[in-house]
Structure formats: structure tokens, C-alpha cells
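Novice: Structure below; questions to follow.
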Amino acid sequence: MGASADILAGSVPPGAARPGGDGRIRIAGISQRFGDVRAVDDVSFDIESGELLTLLGPSGSGKTSLLRMIAGLAKPDAGEIWVGGQRIDQLPTHRRNIGMVFQSLALFPHLSVFGNIAFPLWMRRCGKRETAARVREALEVVRLPQIAARRVDEISGGQRQRVALARALVYRPKLLLLDEPFAALDAKLREEMQLEIIRLHHDLGITIVNVTHDQKEALTISDRVAVMSEGRLRQIGTTVEIYQRPNSAFVAGFVGTTNLLHGAVAAGGEILVLADSIRVPLGGDKRLAPGAAAALVLRAERLTLMPAEAIIPADLASLPGMVRLRAFQGNTTLFEVEVVALGRSLRAETTSLSEASRFPVGTAVSLTWRPQDAALVPV
Amino acid sequence: MSRFTALCAGIVLIFMTLPTILTAILSVSGDATLAFPPQHWSLHPYLALLEDGGLRGALLRSLQAGAESALLCLIFGLPAMLALQRLRGALAAAVLAFLTLGFAAPLAVSAVALLIVYYMLGIFGSLHALALALAIVNLPFLLYAVASSLAAIDHSLEEASLTLGASPFLTFLLVRLPSLAPGMMTGTLLIFILGATEFMVSVVLTNVNSATLPVVMYGSLRSGPTPMLAAAGMYYVLLALIVVLAITRSRALQQFLYRRSS
Amino acid sequence: MAMPDSADPAVVADPPALFVRLLGIADRVFGGGQIAMPAALRIAGGLLPAIIMIGVLAWGLALLFWYSIHSYDAFADQSGPLSPIEYATLLWAKGAGFYRTILIRTVLLSLLTTLAALVLAIPVATLIIRTRSNLLRITGLTLCLVPFLMGDIVRAFGWLILLGREGLYGWLSQSLGLGQRTLIGSALGIWLGSLQTIVPVAALILLPAVRRIDPDLEQAAATLGAARWRCFVLVNLPLMAPGLVSAGIVAFALTMTQYAIPDILGGGLLPFAANTIQNVFFTEGNIYLGSALAVVTLAVVLLTAMVFALGLGLLRRWRAGVQRRQAVEIAL
Ligand SMILES: Nc1ncnc2c1ncn2[C@@H]1O[C@H](COP(=O)(O)OP(=O)(O)O)[C@@H](O)[C@H]1O
Ligand SMILES: [Mg+2]
């Protein structure tokens, strides 16, 4: 796995690395097991200084375990962790100088907002005046009004998030770890906090490792995404790479609304033979050897519905089907189209209202796509 | 909750409070002997009690024994509970069962058992020895109170403290102890008042010089109850009331009373 | 569900700067609490002081047991040989009737007290958990906790002036022309006095059990057509059963070993086991017989607890059996 991850690792966009930062991270062969469960299984990757990397994966895929090892809250069974050119996996947590925001936020209930944010400064023996100044500054950074004297259970959910962020930033750590801190927020507030993170990341130039199971969040805020499942690193790359060139059926299925068509490659890699000998053309640059089992990744928004009687342009691939379900979702409309020949339904999405209105449930349609828009992954 | 339930509860609660109300009424009786209803009213019993060297000394000894026993429980019980939390399975259960021996054995039995040992050790009659005995039989209250606080602990708080740069030592002092404080307070207050009002163990383990207020009251009760005794009882009622109000205001009591596992 | 509001006083005290500074120094002295020490040593270090403290009691109990299985040489006032004679004196020898009566009285009155206390504790616990008024909840808790905390003697004193000839009962009976009556010296008096101690304890133990019962369950049962009492018997009672068993065990153990209430309210006429232990120990000066009586009392308490717990286990098994049979019937 390690080797293939290296090959597939996308290059870091040049804008992501900022001069002066010392938040380079190297995760090398990290493993952790709990009894028979391999929570983290030989994971290796590098993060550039100033980058925002998201660990994305379903629940139980080992994201939290990996993050806790970076923070020193758990010991890896094997592997090394380097931050800023220093090996840290033998250091105790309190010497690592890493900021972390917990899923539960873990604000100290017996301290005020001020006390919470000042806590790491007390530990660093800051003077009284400097402490006050830096707490004020941190509160400004997270754009909180004057609430320093409040109890942490007297403030709103969004304010608590910001206090937790301020607490993790006030001592200017090289690295900030976020363990799904927004998972419990309602959708509106979550979006707002995601934008807040983008802004903070841009303003402070700090290295951030964010954990989420929400693929939308990962695509929204990250420079790069590392997809994990069952403790293994499945793919790491820029958001665009992950979305457009998934390396496996798992990654393709996990990110975006996706239809996977399983089949076998034929005709020198130009054709995929699906069930019932249906043949669809393949485009793009990536070829698999003839005879290989593969899956075609059809993103819902790349599928276009056409009336069944329309003539299909020669450069499009198509499958005949029947609309079974139409759901208006605000900015998009989702279709479920039954393809009898394949014995299953495919999902298509359109942003055009006029197009959506042309295909009520029961309409016979052709599902079409440009072959180069569909990635092919080995299975 | 039906009105019927509320009515039943009300009757039961009034029934349980009736003797206390009566004690309160008779504690301001101006009569020489205790009889209901009082013929005269007076605050004299309360003042006489404080002037009576014997009773006042006994009251002070009671408070001292209660406080000492609470302190002993805290000093011995808190580290034990913290250590116990790291044990698992049958060993943990066995140690806990041993430490709560004071609950398993009837007070009357524990009292004579301790008496035998105290005679062997030559510490019978000492007030500190009584405090130790009270600590032994009441230790479970502290263990349970601390355990319910421990069960409610959010471990991510301690982890957060570590990531923020606090050493394990400071994390213990600044995060763990404050989260346990409510349980420690509830347990300590309970043991203090239970110790100060305890009778069974005290009557066996004290002599004339170390008799606590309940023991002295018991002695005078046999020679006939007086309004002064009612006043002495009211001091205890008041003390209990203060303690109860203090702990019902705390979150710890709620953790303790409404705990998940019974 | 009516959850008790947290009434914690809103005190947030950030530690003063000097305190933090001092802690920092202590931290350096203690090396951050990272002194290399095996975990087992730490655990043992935490437990040992408490184990030694309780060891004093365990030692005493062991001595009691040791004395109880020896005969007493009254002439030389010393231990005789190993023998079951003390137990014989208490339980089966000729003349053991005196002690048997005391044991039977203790057990019977304790059972009666326990039963009544459980019945009375249910509405009290329900009120404390379910009421929407915080004031009512605090009042209920206070009225339960104060008698529990004020001590045996103050409780006994209160009943003495309630039930005594010179007390409320005597005054009432005289006002009604029945003569100056008293309940002191009667089993009823002891029973009432015991209830005041035991009902609050039972109610406090029941609180978590009542809290676990979702009030929606009762409403669900009602919509399914159950009358209120059936709903109580079929829904609340089974769900409360484990709590009732623990409350029952504690209530019985506490009543069984009462001293002050039977002594003062029984007027010395109806001694319980604990009174007799004291008497044998201190008046007769026979620690061997007294120890045996203590061991018998302890055994009765433990046996009853086991029977209660076993009963609960059987009840559970029986219910599981009924449900399985119903499932099979439905399946067929
Ligand atoms: N302390 C632990 N003890 C046992 N198993 C654990 C522990 N922590 C995590 N695991 C297991 O390790 C796997 C990864 O967990 P985690 O890192 O929490 O996943 P994620 O954060 O991606 O949801 C899961 O199967 C989980 O059950
Ligand atoms: Mg997680």
C-alpha cells in the first residue's frame, strides 16, 4: 500500500507551501492495533508546511487514531512521526506544542472563557500582561465579541467552537489538529465554521490536519485530501485529483454522488463490456490491459438525460433507461433512471430546471455522458 | 405523575417530618419537664444548652469527630478510588467489596469488632480513635460519591490539557481534581454529618471523657427528656439542613442520586 | 422527562496568577508527574492506606468470629476450647428460646418495616423525579435527607415525644377522654420509628431506578388501553424491580441491626439483636456469646440479601420464559 500511495500522491500545489513556516509533517509507516483491529495500518504521507490536509473516511476508518498519535495521546505500534524536521513520536504530548480541537471541544467547565484560552499560556509561564494581551488577540482572531468573562456553558454552540479554536491557536503552535469539531453543528453553522477555518488558515499560514467523514467538507476546505478506510490510506491528492481521478472504486464511491459500472476491459482498452454484453466506450488517458476487471465511475452530475427518440451524437456514450424518481433539491434535481439491460438504477443530477421539467417519472430516456468524463478504476 | 401519587408522597413526607416538627415545638418550651403541649414558651433551652459545659463539650466533640472522620475518608479514600479505577474485573470488585466492609457489616457488629481491636491496641476512649472508627464505617459514602464523579468525567478534558502543554502532574491538579471536587465535597459533607450524629459506634467506643453529643443525649434521655435535649436535637436538625441545602445545590449530588448504575 | 435542572451555583473561579506560578514550581519539583514508577506500584500505593484502614475492622470481625467458635470459661474468665457451644446456646440448646424469640422478633419487624418502607418510598421517589417544580423536588429531597442525616438519637427523641405518654399521642388520647395513652413499649411504636429511618433510605436508592423509567411508557400503555393501576403493575413495577431489590436489601439490613429505636421506643421491653449483643457484651461481659450473636446477625442479613437477589434472578428468568413462550405462540 505504501508504495502505491507514494505513486498516486499528487503534487502539492505551489501556493500551499508558505515560506518561514516549520510545520512540515512526515508520517512514516505508522501502525496501531487494538487487539485484532488494525485501527491504523502502515500509513505514510508527507504534509507541506502551511498546508491544510483533510483525513477523509467513513466512521471507524482510523482517522481519530492517527490524529491522536500525531498529538501524542496514543502511541504508535510502529512508524515515525516528524514535525518540522524533528522526530516527535517519543515526546510526551505536553512537549509537542501542537494545537488540537476535540470533537467534544473539551472546554474546561470550571474555567471561564478567559481561563480556557489563558490555560496554555499559564503552562508556558507567560507574564500576566502578556497573557491578557494574547488572549484578547486570540479572541479577535476568531472574531468573538467581548465574552472573556463568561462561563463556557453560557455561550452558544458557535461561540464555543470559536473559543476552542482560540485556545488551540493562542500559543501559536506549528500544527493544528481538528477532529471533526463541526460534526455536531447544524448544517448552517457548520458551513460558517468551515469558511472560518479557510479564512484562519489563509491568514495564519499554519499547517492544519482536519478530520472528517463529510466528503463535502473535505472538498470545500482542503488543499489536499487523504482518503482512509479500514485503517489504510486509500489515496492522497488535491481535491480535484481525488474527485476527478479516484484510484479505486472505494474512493470513487465515497466522494460525490457516483454510479459504478462493473465490467471487463476489451478491444485494446477502448471498450468496457458490462453485464449482458453491453459495451460502452472508454475515454481518457488511463488505460487498463484488455481482460482486466474494472469499474467505470459515472458522476451523477456528468450524466445527461436525453429523450429516448433523440439522436445521440457520436462522441457520447449512452444507455437506455426509464425515469423512476425525480427529486427537486433546490440547486439541483436528482433523477433515478432504471436501466433494464443492467438490472439496476443509475443516478443523474442536473442544475437546469427546464431540463428537469422535461422528464417526469415514467419517461423513456437515454442516459448519456462524454467518455473522457468517466474515470476507470481497477477492482 | 398522577395526583394520587403526589398525595401519597405528601402524606409520607409529612409523616416523616412530624417528629422533627414536634421536637422544634418542644425546643422552645419554658417548662421544666418535657410535655406536650408546652405551658410556657421560651428560648431558654437553647441558651442553657450552650451554658451547660457537659452538653457544649459533647457537641464540640461530635463536630470534631465528624470533621476528623471526613478528613480521614478523603485522605484515604480518594487515592484508593483513583487507583481502583485503574483495576478491572474480579480484582477490582474484590477490593471494592473489602473497602465497603463498613456497609456490609451491621453497625452494632462493627462497633464491638472495633472495640476488641481498640482494646488490644490500647486506644479505646480516644476521640481520634472514634473518628477512625467513623471513617471506617462511612468510607463507602466517599467512595460512591467520588465514583459517580469519576464516571461522569470527560476524559477529553485531560487530553486537551495535555495538548495545551500541561504536564500530567498539572493536568491532574488543574483538570482532574476540579472535576472530582463535587463528588469529594458531597462525600465529605455526608461523612462529616453522619459522623457528628452517629450513635451506635460512638456509644460503644467512647468513655465519659470522649462521649459525643448523641451518647450524652442518650444518657439523659433515660433519666427523662428535657426541653434542653429538644434544643440539642434542633442543633442537629439545623446542621443537617445546612448540609442538605449545600449538597442539593451541587451537581455532584445529582450525579450521585440519579446515577446510571444502581 | 423532567430532568433535574443543574442548580450549580454559577461560580467560575480562574486560579489567581500567583497560584499558577506556584504550581509551575511544584511541577518542576515533581518532574511533571512523570516519575518512572510501574503502574502496579502506583495502584498499590493508592490502595494500601485505605486497605490498612479497613483492615482494622476486618481484623476485629475475624476476632469476633474466632471468639464465637470457642467456649467461655466464666470461672477463669478466659477462652475455653474450640466448640460450637455459643451457637448452641443461641439457637438450639435448651433455654435458647430467649434468644430465638429476640431473633425472630428482629427478623419479623424488619420484614414488616422493609415491606412498608418500599411501598411508601415509591410515591416519594416518583414525586422527586417527576415533579416539574424545582422547589418541590428540593423540598422532597430535603425532607428525605434531613431525617437520614440527623442521627438515631434525634430521630428516636422525636418519636418519644410524638408517641409518649407526655407527648402528642398521650395528649390527644387524653383530650379524647381515653386516658393518657402511649405507644412507647409497643411493636407499633418501633415499627413507626423504624419507618422514619428506612423510608428515606429506600426512596433515595429508588431514585435512579425511577429515573430510568421513561414517562412516555406510561402514556404509551394508557393509549394501548391499560388502566392506571394495571399500567403501574405491568410497566413501572417490573422496571423498578432491580431498584426495589437493592432498596429492600439495604432497608432490611439497616432495620435488622437497629439499636437506638428499639431501645428507646421499645422502652427496653422489646430488644432487637443489636440490643442483646450490647447486653451480652457489656452487662454480662461474655464476649464469646456476644460474638456468636453478632455472627448470627451478620449471617441473617447476608442470607436475606442473597435470597432477595436470587428472587430477582428467578423473577427475571420467569419473565424471559413467559416472553419466549409468547413469542413461540405468536410464531405458530
Ligand atoms: N481505545 C480503543 N480500543 C479498541 N478499539 C479502538 C480504540 N480506539 C479505536 N478503536 C478501533 O479502531 C478503529 C478506528 O477507530 P477511529 O480511529 O476512532 O476511527 P474514526 O475516527 O475514523 O471513526 C475502529 O474500528 C475502532 O473501533
Ligand atoms: Mg473519529
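The values are calculated or read from the model by the stated rules, or taken from the named source; none is laboratory data. This structure is a prediction, so every number in the text was calculated from the model and none was measured. Virtual Cβ from ideal backbone geometry, glycine too; neighbours counted across all protein chains shown. The accessibility values were calculated without ligands, DNA or RNA, using every heavy atom of the protein model including side chains. Shrake-Rupley method; radii C 1.70, N 1.55, O 1.52, S 1.80 Å.
Novice: Failed condition for B:N138, given (1) in contact with a Leu (Cβ under 9 Å, 6 or more places away or on another chain); (2) within 11 Å of another protein chain (Cβ to nearest Cβ); (3) not hydrophobic (A, V, I, L, M, F, W, C), with all others met?
Specialist: Checking B:N138 against (1) in contact with a Leu (Cβ under 9 Å, 6 or more places away or on another chain); (2) within 11 Å of another protein chain (Cβ to nearest Cβ); (3) not hydrophobic (A, V, I, L, M, F, W, C), the one that fails is (2).
Novice: I'm checking my understanding of the structure. Among residues of the stretch A:319-344 that are free of Cβ contacts under 8 Å to residues at least 24 places away in the same chain and part of a strand (DSSP E or B), which one is least open to solvent (accessible area, probe 1.4 Å)? Spell out the reasoning first.
Specialist: The initial filter retains those residues of the stretch A:319-344 that are free of Cβ contacts under 8 Å to residues at least 24 places away in the same chain, namely A:327, A:329-331, A:333, A:336, A:338, A:340, A:344.
Okay, now just the ones that are also part of a strand (DSSP E or B), so A:327, A:333, A:336, A:338, A:344.
Details: A:A327: 30, A:T333: 6, A:E336: 50, A:E338: 58, A:R344: 82 Å².
Out of the qualifying residues, it is A:T333.
Novice: Still on this structure, I have one more. Suppose we keep only residues that are in a helix (DSSP H, G or I) and out of contact with any Gly (no Cβ under 8 Å at 6 or more places or on another chain) within the stretch A:211-225. Which one would you say is most open to solvent (accessible area, probe 1.4 Å)? Before you say what the answer is, go through the steps one by one.
Specialist: So in the stretch A:211-225, the residues in a helix (DSSP H, G or I) come out as A:215-221.
Now drop any that are not out of contact with any Gly (no Cβ under 8 Å at 6 or more places or on another chain), which leaves A:216-221.
Details: A:K216: 146, A:E217: 9, A:A218: 0, A:L219: 53, A:T220: 70, A:I221: 11 Å².
Filtering the stretch A:211-225 for residues that are in a helix (DSSP H, G or I) and out of contact with any Gly (no Cβ under 8 Å at 6 or more places or on another chain), the one most open to solvent (accessible area, probe 1.4 Å) comes out as A:K216.
Novice: Condition first: assigned to a helix (DSSP H, G or I) and in contact with a Pro (Cβ under 6 Å, 6 or more places away or on another chain). Can you find one or more residues in the stretch A:248-256 that meet it? Steps first, answer last, please.
Specialist: Going through the stretch A:248-256, the residues assigned to a helix (DSSP H, G or I) turn out to be A:249-254.
Checking which are in contact with a Pro (Cβ under 6 Å, 6 or more places away or on another chain) leaves us with A:252.
Within the stretch A:248-256 (the criterion being assigned to a helix (DSSP H, G or I) and in contact with a Pro (Cβ under 6 Å, 6 or more places away or on another chain)), the answer is yes, since at least one residue qualifies.
Novice: Could you name every one of the helices (runs of 4 or more DSSP H) located completely within the stretch B:1-109 that has at least 3 residues being of a type in the set (D, E)? Break it down into steps so the answer makes sense when it comes.
Specialist: Working: elements: B:3-26, B:44-51, B:53-84, B:89-99, B:101-104.
Output list is empty.
Novice: Name the one entry in B:S156, B:S161 that is within 11 Å of another protein chain (Cβ to nearest Cβ) and surrounded by fewer than 23 Cβ atoms within 10 Å (Cβ to Cβ). Give the steps one after another, and end with the answer.
Specialist: Details: B:S161 fails: surrounded by fewer than 23 Cβ atoms within 10 Å (Cβ to Cβ).
When all the criteria are applied, what remains is B:S156.
Novice: Regarding the stretch A:21-41, can at least one residue be identified that is touching a residue at least 12 places away in the same chain (Cβ under 8 Å), away from ligand 1 (no atom under 12 Å from the Cβ), assigned to a loop (DSSP other than H, G, I, E, B) and more than 21 Å from the chain's Cα centre (by Cα)?
Specialist: yes
This table checks each residue for (1) among the polar types (S, T, N, Q); (2) open to solvent by 10 Å² or more (accessible area, probe 1.4 Å); (3) touching a residue at least 40 places away in the same chain (Cβ under 8 Å); (4) not in a loop (DSSP other than H, G, I, E, B).
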site	(1), (2), (3), (4)
A:H110	no, yes, no, no
A:R136	no, yes, no, yes
A:K188	no, yes, no, yes
A:E192	no, yes, no, yes
A:R199	no, yes, no, yes
A:V209	no, no, yes, yes
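Novice: Here's a follow-up. Restricting attention to the stretch B:25-45, report how many residues are among the hydrophobic types (A, V, I, L, M, F, W, C) and surrounded by fewer than 17 Cβ atoms within 10 Å (Cβ to Cβ).
Specialist: First pass over the stretch B:25-45, keeping only residues among the hydrophobic types (A, V, I, L, M, F, W, C): B:25-26, B:28, B:32, B:34-36, B:41, B:43.
After this cut, where a residue has to be surrounded by fewer than 17 Cβ atoms within 10 Å (Cβ to Cβ) as well, the list is B:25, B:32, B:41, B:43.
The total comes to 4.
Novice: Kindly check whether there is at least one residue in the stretch A:160-179 that is under 30 Å from B:L173 (Cβ atoms), among the β-branched types (V, I, T) and open to solvent by less than 30 Å² (accessible area, probe 1.4 Å). I'd like the intermediate steps shown before the answer.
Specialist: Here is the first cut: in the stretch A:160-179, the residues under 30 Å from B:L173 (Cβ atoms) are A:160-179.
Next, only the ones that are among the β-branched types (V, I, T) stay: A:163, A:170.
Subset that is open to solvent by less than 30 Å² (accessible area, probe 1.4 Å): A:163, A:170.
Yes.
Novice: For C:V300, indicate whether it is more than 21 Å from C:L115 (Cα to Cα) and part of a helix (DSSP H, G or I). If you could, list the steps in order and put the result at the bottom.
Specialist: Values: more than 21 Å from C:L115 (Cα to Cα): no; part of a helix (DSSP H, G or I): yes.
Considered against the rule, which asks whether it is more than 21 Å from C:L115 (Cα to Cα) and part of a helix (DSSP H, G or I), C:V300 comes out as no.
Novice: Additional query: Would you call A:L105 within 14 Å of another protein chain (Cβ to nearest Cβ), assigned to a loop (DSSP other than H, G, I, E, B) and either of a type in the set (A, V, I, L, M) or within 16 Å of ligand 2 (Cβ to nearest atom) (or both)? If you could, list the steps in order and put the result at the bottom.
Specialist: Working: within 14 Å of another protein chain (Cβ to nearest Cβ): yes; assigned to a loop (DSSP other than H, G, I, E, B): yes; either of a type in the set (A, V, I, L, M) or within 16 Å of ligand 2 (Cβ to nearest atom) (or both): yes.
Judged against the criteria, A:L105 is a match.
Novice: Can you list residue pairs whose Cβ atoms sit under 8 Å apart, with the first residue in the stretch C:45-64 being over 13 Å from B:S110 (Cβ atoms) and the second being among the aliphatic types (A, V, I, L, M) and open to solvent by 50 Å² or more (accessible area, probe 1.4 Å)? Count only pairs 6 or more apart in sequence or on different chains.
Specialist: C:P49/B:I75
Novice: Hey, among C:L136, C:L143, C:L160, which residue is part of a helix (DSSP H, G or I) and open to solvent by 60 Å² or more (accessible area, probe 1.4 Å)? Explain how you work it out, then say what you get.
Specialist: On the way: C:L143 fails: open to solvent by 60 Å² or more (accessible area, probe 1.4 Å); C:L160 fails: open to solvent by 60 Å² or more (accessible area, probe 1.4 Å).
Residue meeting the stated conditions: C:L136.
Novice: Next question, about the same structure. Could you go through the stretch B:64-73 and let me know if any residue there is open to solvent by less than 10 Å² (accessible area, probe 1.4 Å) and facing another protein chain (nearest Cβ under 8 Å).
Specialist: Residues of the stretch B:64-73 that are open to solvent by less than 10 Å² (accessible area, probe 1.4 Å), as a first pass: B:65-66, B:69-70, B:73.
After this cut, where a residue has to be facing another protein chain (nearest Cβ under 8 Å) as well, the list is none.
No; the residues of the stretch B:64-73 include none that is open to solvent by less than 10 Å² (accessible area, probe 1.4 Å) and facing another protein chain (nearest Cβ under 8 Å).
Novice: Okay, moving on. Scan the stretch C:14-30 and report the pairs whose first residue is more than 10 Å from chain A (Cβ to nearest Cβ) and whose second residue is assigned to a helix (DSSP H, G or I), with Cβ atoms within less than 9 Å and a gap of 6+ or a chain change.
Specialist: C:A26/B:F169; C:A26/B:L170; C:A26/B:L173; C:F30/B:F169
Novice: Further question on the same structure: Applying the selection to the stretch B:189-216, what residues are facing chain C (nearest Cβ under 9 Å), more than 19 Å from B:G125 (Cβ to Cβ) and aliphatic (A, V, I, L, M)?
Specialist: Passing the criteria: B:L190, B:I193, B:L194.
Novice: Can you go through A:D36, A:D46, A:D22 and tell me which one is surrounded by fewer than 18 Cβ atoms within 10 Å (Cβ to Cβ), over 29 Å from A:H202 (Cα atoms) and of a type in the set (D, E)? Steps first, answer last, please.
Specialist: On the way: A:D46 fails: over 29 Å from A:H202 (Cα atoms); A:D22 fails: over 29 Å from A:H202 (Cα atoms).
Every option except A:D36 fails the conditions.
Novice: Return the only residue of C:T101, C:T89, C:T106 being without any contact (Cβ under 8 Å) to a residue 60 or more places away in the chain, part of a helix (DSSP H, G or I) and either within 26 Å of C:G285 (Cβ to Cβ) or within 13 Å of chain B (Cβ to nearest Cβ) (or both). Step through it out loud before you land on a result.
Specialist: Values: C:T89 fails: without any contact (Cβ under 8 Å) to a residue 60 or more places away in the chain; C:T106 fails: without any contact (Cβ under 8 Å) to a residue 60 or more places away in the chain.
The match here is C:T101.
Novice: Mind checking which residues of the stretch A:57-92 are within 14 Å of chain B (Cβ to nearest Cβ), within 16 Å of ligand 1 (Cβ to nearest atom) and either outside any loop (DSSP other than H, G, I, E, B) or buried (at least 24 other Cβ atoms within 10 Å of the Cβ) (or both)? Talk me through it step by step, then tell me what you get.
Specialist: In the first step, residues of the stretch A:57-92 are kept if they are within 14 Å of chain B (Cβ to nearest Cβ); the result is A:64-65, A:67-75, A:83, A:88, A:91-92.
Then drop every residue that is not within 16 Å of ligand 1 (Cβ to nearest atom), which leaves A:64-65, A:67-75.
A:T64, A:S65, A:L67, A:R68, A:M69, A:I70, A:A71 - these are the residues of the stretch A:57-92 that are within 14 Å of chain B (Cβ to nearest Cβ), within 16 Å of ligand 1 (Cβ to nearest atom) and either outside any loop (DSSP other than H, G, I, E, B) or buried (at least 24 other Cβ atoms within 10 Å of the Cβ) (or both).
Novice: Given the residues C:T276, C:T297, which is the only one that is touching a helix residue (DSSP H, G or I) at 6+ places or on another chain (Cβ under 6 Å) and more than 9 Å from chain B (Cβ to nearest Cβ)?
Specialist: The match here is C:T276.
Novice: Next question, about the same structure. Determine which member of the set A:G50, A:G15, A:G23 is away from chain B (no Cβ under 14 Å), away from ligand 2 (no atom under 16 Å from the Cβ), in contact with a Lys or Arg (Cβ under 6 Å, 6 or more places away or on another chain) and at pLDDT below 85. Break it down stepwise before answering.
Specialist: On the way: A:G50 fails: at pLDDT below 85; A:G15 fails: in contact with a Lys or Arg (Cβ under 6 Å, 6 or more places away or on another chain).
Sole residue among the options that is away from chain B (no Cβ under 14 Å), away from ligand 2 (no atom under 16 Å from the Cβ), in contact with a Lys or Arg (Cβ under 6 Å, 6 or more places away or on another chain) and at pLDDT below 85: A:G23.
Novice: Assess whether A:I236 counts as being under 26 Å from A:I30 (Cα atoms), surrounded by 18 or more Cβ atoms within 10 Å (Cβ to Cβ), within 16 Å of ligand 1 (Cβ to nearest atom) and more than 14 Å from every other protein chain (Cβ to nearest Cβ).
Specialist: On the way: under 26 Å from A:I30 (Cα atoms): yes; surrounded by 18 or more Cβ atoms within 10 Å (Cβ to Cβ): yes; within 16 Å of ligand 1 (Cβ to nearest atom): yes; more than 14 Å from every other protein chain (Cβ to nearest Cβ): yes.
Answer is yes for this residue.
Novice: What are the residue pairs meeting all of these: first residue in the stretch C:231-249, first residue touching a residue at least 40 places away in the same chain (Cβ under 8 Å), second residue aromatic (F, W, Y), Cβ atoms under 8 Å, and 6 or more apart or on different chains?
Specialist: Listed pairs, sorted by first residue: C:V245/C:F308; C:G248/C:F308; C:I249/C:F308.
Novice: Checking the condition away from ligand 1 (no atom under 16 Å from the Cβ) and open to solvent by 10 Å² or more (accessible area, probe 1.4 Å), which residue from A:A266, A:A252, A:A294 passes? Steps first, please.
Specialist: Details: A:A252 fails: open to solvent by 10 Å² or more (accessible area, probe 1.4 Å); A:A294 fails: open to solvent by 10 Å² or more (accessible area, probe 1.4 Å).
Of the residues listed, the single one that is away from ligand 1 (no atom under 16 Å from the Cβ) and open to solvent by 10 Å² or more (accessible area, probe 1.4 Å) is A:A266.
Novice: Taking the stated definitions as given, is C:V296 open to solvent by 30 Å² or more (accessible area, probe 1.4 Å) and modelled with pLDDT of 85 or more? Lay out the reasoning, then the answer.
Specialist: Details: open to solvent by 30 Å² or more (accessible area, probe 1.4 Å): no; modelled with pLDDT of 85 or more: yes.
Taking the combined requirement at face value, the residue does not satisfy it.
Novice: Need a quick list: helices (runs of 4 or more DSSP H) entirely within the stretch C:186-284 having at least 3 residues that are within 27 Å of B:A113 (Cα to Cα) and either open to solvent by less than 30 Å² (accessible area, probe 1.4 Å) or aromatic (F, W, Y) (or both). Lay out the reasoning, then the answer.
Specialist: Details: elements: C:187-212, C:215-223, C:228-231, C:237-256, C:260-265, C:273-278.
Fully inside the stretch C:186-284 and qualifying: C:187-212, C:237-256, C:260-265, C:273-278.
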